[in-house]
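Q: Here's a structure for you.
The values are calculated or read from the model by the stated rules, or taken from the named source; none is laboratory data. Quick caveat: nothing in here was measured; it's all calculated off a predicted structure. Cβ atoms come from the backbone with ideal geometry, glycine included; neighbour counts cover every protein chain shown. Note: accessible area is taken over every heavy atom of the protein model, side chains too, but ligands, DNA and RNA are not part of it. Shrake-Rupley method; radii C 1.70, N 1.55, O 1.52, S 1.80 Å.
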Amino acid sequence: MATQTPYEVLGVKPDASPDEIRKAYRKLAKQLHPDINPGKPEAEARFKQVSAAHDLLSDADKRARYDRGEIDESGAERPRYSYRPHAEGAQGWKYQPNGEMNPEDLEDILSMFGGGMGGPMGGGRAGRGRGQGFAMPGGDRLYALTVDFVEAAAGAKKRLSLSPDTWLDVTIPPGIDEGQVLRLKGKGGEGVGGAPPGDALIEIHVAPHPYFRRDGDNILLDLPVTVAEAVLGARVTVPTVTGPVAMTIPKGSDSGTQLRLRGKGIQRRGGAVGDQMVMLRVVIGDSGDPELASFLETWAEKHKTDPRRGMAS
Amino acid sequence: MIGFDEVLVRYGGLERRELIRWVEERWVLPERRAETWVFHEVDVARVELILEIRRDFAVDDEAMPLVLSLLDQVYSLRRQMRRLCDAVAAQPEDIQAAIRQALPKSTP
């Protein structure tokens, strides 16, 4: 995880007004203040981060200096980057209009001036070579594509509209994760002068699912079961990303019991396969059936247990 | 050498979609590596240059390609000129004198 900008820390846009910044800060400070989060070091750390971000952004001068890149997010001075030494340094070649020239070749230098040299050095070969034909490979294009949870887990074919009549067909490999980028070779900007086109880079976003969640290669699912199913055991149908499967709930399962459906998790291309972890959640439903309630009253009389025994109060 | 997100962190006033566009327009040429872009020092310096030109001289997006292209040409010329000067400086004194002689006098 890269460092967050103070704007990200406060959850505001880089062009937020001082008022918006103050409001965002107050809201977060209220939630995160150490006095209302005792013993939560992560809240305290966030609070410090939020305070530091506010210190920087609430000071118009500091904020301007940060925006200009003169100080970093902690307020420390940052060395200025002067372009000239870089442009003239070893890496500067790539920004030259004609690309790299052959350092051995005097003609390359002379041809920059239109080959207009008289005398023994000019004429002849001028007009040949790289200076004449302009060629530049196409740029990359970046797109974003949102897929639903099941498509991301099981793989899918999607069509990405670029305009009403152009599109890219995108194959989503199984097991793709939020933020992953797919590269489609040659689907980016056109090259100029016969140079190859750039690539399309597609950043994948995975929409959350109403009941599946992902944990690495495993899929997590909370499964509601009735009291009877939990006590007596049952054979139930459970949804998975590849379709419903039958699963046995063992007799006497507690709420919170975790059951594993092996191989029903994220299927990676040519790699490991995750599992689906099913967490049982006993539901009473209809705020207690009277018949069950009266049975339990008698039953509880005869079976006095305290599941909280041993818990320190 | 830093990543895309680190460039955004370094220049807080720079928005993600802006930087993406700069790369797409080839104003900045970070290195493609695996599934992301890597910014070398020259690329970071160039990002800073573009920010400065925009802020200090109010050059807008339409004029920026022209400004960058002119700058790139100047740096390219300076680089070539320096190579030529180095080559001249490496010559024996009589050849240097001959070149000096051959230089047309600039007319006022």
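Q: Within the stretch A:215-231, which residues are among the hydrophobic types (A, V, I, L, M, F, W, C) and in contact (Cβ under 8 Å) with a residue 12 or more places away in the chain?
A: Correct list: A:Ile219, A:Leu220, A:Leu221, A:Leu223, A:Val225, A:Val227, A:Ala230, A:Val231.
Q: Scan the stretch B:66-73 and give yes if some residue there is in contact with a Phe, Trp or Tyr (Cβ under 9 Å, 6 or more places away or on another chain) and facing chain A (nearest Cβ under 7 Å), otherwise no.
A: yes
Q: Follow-up question, since we're still on this one. Restricting to the stretch B:14-27, and then to whatever is under 24 Å from A:Pro85 (Cβ atoms), open to solvent by less than 40 Å² (accessible area, probe 1.4 Å) and within 9 Å of another protein chain (Cβ to nearest Cβ), can you tell me which residue is farthest from the chain's Cα centre (by Cα)?
A: In this case the residue turns out to be B:Leu14.
Q: Name every residue in the stretch B:5-23 that is out of contact with any Leu (no Cβ under 7 Å at 6 or more places or on another chain) and part of a helix (DSSP H, G or I), in order of residue number.
A: Correct list: B:Asp5, B:Glu6, B:Val9, B:Arg10, B:Arg17, B:Glu18, B:Arg21, B:Trp22, B:Val23.
Q: Contact list please: Cβ distance under 6 Å, first residue in the stretch A:14-28 and more than 20 Å from A:Arg65 (Cβ to Cβ), second residue open to solvent by 100 Å² or more (accessible area, probe 1.4 Å) and assigned to a helix (DSSP H, G or I), pairs at least six apart or on different chains.
A: That search, which allows pairs on different chains as well, returns nothing.
Q: Within the stretch A:256-299, how many residues are in contact with a Lys or Arg (Cβ under 6 Å, 6 or more places away or on another chain) and in a loop (DSSP other than H, G, I, E, B)?
A: Selection size over the stretch A:256-299: 1.
Q: Something else now. With respect to A:Glu70, is the statement that it is under 30 Å from B:Glu41 (Cα atoms) and open to solvent by less than 60 Å² (accessible area, probe 1.4 Å) true?
A: It is true that A:Glu70 is under 30 Å from B:Glu41 (Cα atoms) and open to solvent by less than 60 Å² (accessible area, probe 1.4 Å).
Q: Check off (1) open to solvent by less than 70 Å² (accessible area, probe 1.4 Å); (2) without any contact (Cβ under 8 Å) to a residue 24 or more places away in the chain for B:Trp37 and give me the number that stays unchecked.
A: Checking B:Trp37 against (1) open to solvent by less than 70 Å² (accessible area, probe 1.4 Å); (2) without any contact (Cβ under 8 Å) to a residue 24 or more places away in the chain, the one that fails is (2).
Q: Hey, does the stretch A:43-65 have a residue that's open to solvent by 60 Å² or more (accessible area, probe 1.4 Å) and over 26 Å from A:Glu20 (Cβ atoms)?
A: no
Q: On to the next question. Which of the residues spanning the stretch B:58-70 are open to solvent by less than 50 Å² (accessible area, probe 1.4 Å) and not small (Gly, Ala, Ser)?
A: B:Val59, B:Met64, B:Val67, B:Leu68
Q: List the strands (runs of 3 or more DSSP E) that sit entirely inside the stretch A:132-227 and contain at least 2 residues that are more than 27 Å from A:Met247 (Cα to Cα) and in contact with a strand residue (DSSP E or B) (Cβ under 9 Å, 6 or more places away or on another chain).
A: Once the strands (runs of 3 or more DSSP E) in the stretch A:132-227 are filtered for at least 2 residues that are more than 27 Å from A:Met247 (Cα to Cα) and in contact with a strand residue (DSSP E or B) (Cβ under 9 Å, 6 or more places away or on another chain), what remains is A:141-147, A:156-163, A:166-172, A:181-184, A:200-206.
Q: Note down all Cβ pairs under 6 Å where the first residue falls in the stretch A:169-192 and is within 12 Å of another protein chain (Cβ to nearest Cβ) and free of Cβ contacts under 8 Å to residues at least 24 places away in the same chain, the second is surrounded by fewer than 17 Cβ atoms within 10 Å (Cβ to Cβ) and of a type outside the set (Val, Ile, Thr), and they're at least six residues apart or on different chains.
A: If the second residue must be surrounded by fewer than 17 Cβ atoms within 10 Å (Cβ to Cβ) and of a type outside the set (Val, Ile, Thr), the pairs left are A:Val181/A:Glu203; A:Val181/B:Glu35.
Q: Continuing with the same structure: Considering only residues that are touching a Lys or Arg at 6+ places or on another chain (Cβ under 8 Å) and either modelled with pLDDT of 90 or more or assigned to a loop (DSSP other than H, G, I, E, B) (or both), which ones fall in the stretch B:33-43?
A: B:Glu35
Q: Turning to a different aspect of this structure: When the residues of the stretch B:1-13 are narrowed to those that are open to solvent by 10 Å² or more (accessible area, probe 1.4 Å) and more than 8 Å from chain A (Cβ to nearest Cβ), which ends up farthest from A:Val12 (Cα to Cα)?
A: Checking each candidate, the answer is B:Met1.
Q: When residues of the stretch A:232-252 are filtered for being without any contact (Cβ under 8 Å) to a residue 40 or more places away in the chain and either part of a strand (DSSP E or B) or in contact with an Asp or Glu (Cβ under 6 Å, 6 or more places away or on another chain) (or both), how many remain?
A: Number of matching residues: 9.
Q: Does A:Tyr81 satisfy the condition of being at pLDDT below 80 and out of contact with any strand residue (DSSP E or B) (no Cβ under 9 Å at 6 or more places or on another chain)?
A: Answer is yes for this residue.
One line per residue, one yes/no per condition, for (1) within 13 Å of another protein chain (Cβ to nearest Cβ); (2) assigned to a helix (DSSP H, G or I); (3) among the hydroxyl-bearing types (Ser, Thr, Tyr):
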{"position": "A:Pro14", "(1), (2), (3)": "yes, no, no"}
{"position": "A:Arg22", "(1), (2), (3)": "no, yes, no"}
{"position": "A:Gln31", "(1), (2), (3)": "no, yes, no"}
{"position": "A:Pro38", "(1), (2), (3)": "no, no, no"}
{"position": "A:Glu42", "(1), (2), (3)": "no, yes, no"}
{"position": "A:Lys48", "(1), (2), (3)": "no, yes, no"}
{"position": "A:Leu57", "(1), (2), (3)": "yes, yes, no"}
{"position": "A:Ala64", "(1), (2), (3)": "yes, yes, no"}
{"position": "A:Gly69", "(1), (2), (3)": "yes, no, no"}
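Q: Okay, moving on. Among the residues of the stretch A:265-280, how many are modelled with pLDDT under 90 and open to solvent by 20 Å² or more (accessible area, probe 1.4 Å)?
A: Residues flagged as modelled with pLDDT under 90 and open to solvent by 20 Å² or more (accessible area, probe 1.4 Å) within the stretch A:265-280 amount to 7.
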